[in-house]
């Protein structure tokens, strides 16, 4: 692997996030790296109310859980299940099916489907914050991607075309430095 982040093994994951308190602590660190800040007034914490699992603002008295305003908001599924679903969806490029997730964390199919949907949406929202810069190169063009490009350029057909035919129909702005309209 390159210089990227190494995926945890299943054992490492279970050791770090196997209990609800561990997941809540990680979520709290992610959400408030400098410590709790009230979402209403920006004030610090008066303290943590363990019986209700909320932080209380020392300025305005607002009580906020670590899950409020996140994909975990008002969930009845334990955070350990959510963290496992995120781990499984990010561990494999194909993700995990709702049926498999349902079996692994012990929720209904509807809950598993909704969790997958919320996690995908959160990943999509995160990806939109990143912009690609410079020249983007593609090593190979799959038939599926070729068909998608053909559709997006208004040249759709029922069968995918070879790369040379697809790229002939792409506008020159897709190929930096091109001087002619068609490429072979």
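Read-outs throughout are calculated quantities, based only on the coordinates presented, and are distinct from any laboratory measurement. Owing to the predicted nature of the structure, the values given are computational and were not obtained by experimental measurement. Because the Cβ atoms are built from the backbone with ideal geometry, glycine has one as well, and the counts that use them run over all protein chains shown.
Given a Förster radius of 35 Å and the C-beta distance between residue 59 and residue 135 as r, what FRET efficiency does 1/(1 + (r/R0)^6) yield to the nearest 0.05?
0.10
Between residue 8 and residue 108, what length in nm is gained on full extension when 0.36 nm per residue of separation is reduced by their alpha carbon distance? Show your work: numbers first, answer last.
Values: separation 100, 0.36 × 100 = 36.00 nm, distance 2.67 nm.
Extending this stretch completely gives an extra 33.3 nm.
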